[in-house]
1. Report, by residue number, each residue of segment 47-70 that is in contact with a strand residue (DSSP E or B) (Cβ under 6 Å, 6 or more places away or on another chain) and under 15 Å from TYR97 (Cα atoms).
2. Got a number for residues in segment 41-64 being acidic (Asp, Glu), touching a helix residue (DSSP H, G or I) at 6+ places or on another chain (Cβ under 9 Å) and either surrounded by 15 or more Cβ atoms within 10 Å (Cβ to Cβ) or part of a helix (DSSP H, G or I) (or both)?
3. Quick check: is even one residue across segment 20-40 closer than 13 Å to LEU101 by Cβ, exposed (fewer than 14 other Cβ atoms within 10 Å of the Cβ) and modelled with pLDDT of 90 or more?
4. ARG69 - would you say it is modelled with pLDDT of 90 or more, basic (Lys, Arg) and either more than 27 Å from ARG7 (Cα to Cα) or surrounded by 12 or more Cβ atoms within 10 Å (Cβ to Cβ) (or both)?
5. Report, by residue number, each residue of segment 79-130 that is more than 24 Å from LYS66 (Cβ to Cβ), of a type in the set (Gly, Ala, Ser) and at pLDDT 65 or above.
6. What number of residues within segment 3-19 satisfy the criterion of being within 22 Å of ILE96 (Cβ to Cβ) and part of a strand (DSSP E or B)?
Amino acid sequence: MRVQHNRVIAEIDTLPGSSQVAVVHGVFTPPGLRGYGMGKRAQQERLEALANDFMYDAAICTVDMKNSRNIHILEKNGWKFAGCFKSRKTEHDVGIYIRGLGQTIKTIKPPKEPLMSGYAHIEQMGGDWG
């Protein structure tokens with residue numbers, strides 16, 4: 001579904017097979033509105049709606065690791081870095097972020113050997129994701 005908070009647009013879908021996990025993607029702030037804190041406020045409103053209105057327990061998203069503004073907004077709002085992979089499509093480094101909604105998500109230690117080989121390897125994970 002497409003949502004708008006503070007004139008910032010985002011798409012939110014349910015992770016297939018896991019109805020309590022929101023996938024947040026396609027976030028767009030119009031160029032003329034950038035640099036005024038709109039993204040930060042929209043992120044806060046979106047997280048409240050995900051937890052309270054839509055009753056999700058967790059959210060995930062990806063971000064181009066060169067997008068320092070987006071990463072700053074995510075981390076300021078409690079999103080935790082879960083790993084990174086190199087996109088075969090864009091050749092960009094893509095970060096995976098996760099956030100608990102109304103609860104803390106506990107991490108587990110990654111396996112000693114990668115679950116995938118070649119194009120995608122989830123790096124080190126640790127700590128609480130809240």
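The values are calculated or read from the model by the stated rules, or taken from the named source; none is laboratory data. The shown structure was predicted, so the numbers you read here are calculated from the model rather than taken from an experiment. Quick reminder, even Gly has a Cβ in these numbers, built from the backbone with ideal geometry, and neighbours come from all protein chains shown.
1. Narrowing segment 47-70 to residues in contact with a strand residue (DSSP E or B) (Cβ under 6 Å, 6 or more places away or on another chain): 50, 56-63, 65, 70.
Selection gives ASP57, ALA58, ALA59, ILE60, CYS61, THR62, VAL63, MET65, ASN70.
2. From segment 41-64, those acidic (Asp, Glu) are 45, 48, 53, 57, 64; that's our starting set.
Of the ones still in play, those that are also touching a helix residue (DSSP H, G or I) at 6+ places or on another chain (Cβ under 9 Å) are 57, 64.
Keeping just the survivors that are either surrounded by 15 or more Cβ atoms within 10 Å (Cβ to Cβ) or part of a helix (DSSP H, G or I) (or both) gives 57.
Final tally of qualifying residues: 1.
3. So far as segment 20-40 goes, yes, one or more of its residues are closer than 13 Å to LEU101 by Cβ, exposed (fewer than 14 other Cβ atoms within 10 Å of the Cβ) and modelled with pLDDT of 90 or more.
4. Numbers: modelled with pLDDT of 90 or more: no; basic (Lys, Arg): yes; either more than 27 Å from ARG7 (Cα to Cα) or surrounded by 12 or more Cβ atoms within 10 Å (Cβ to Cβ) (or both): yes.
The answer is no for ARG69.
5. Passing the criteria: GLY100, GLY102.
6. First, pick out the residues of segment 3-19 that are within 22 Å of ILE96 (Cβ to Cβ): 3, 8-19.
Narrowing further to those that are part of a strand (DSSP E or B): 3, 8-15, 18-19.
So the answer is 11.
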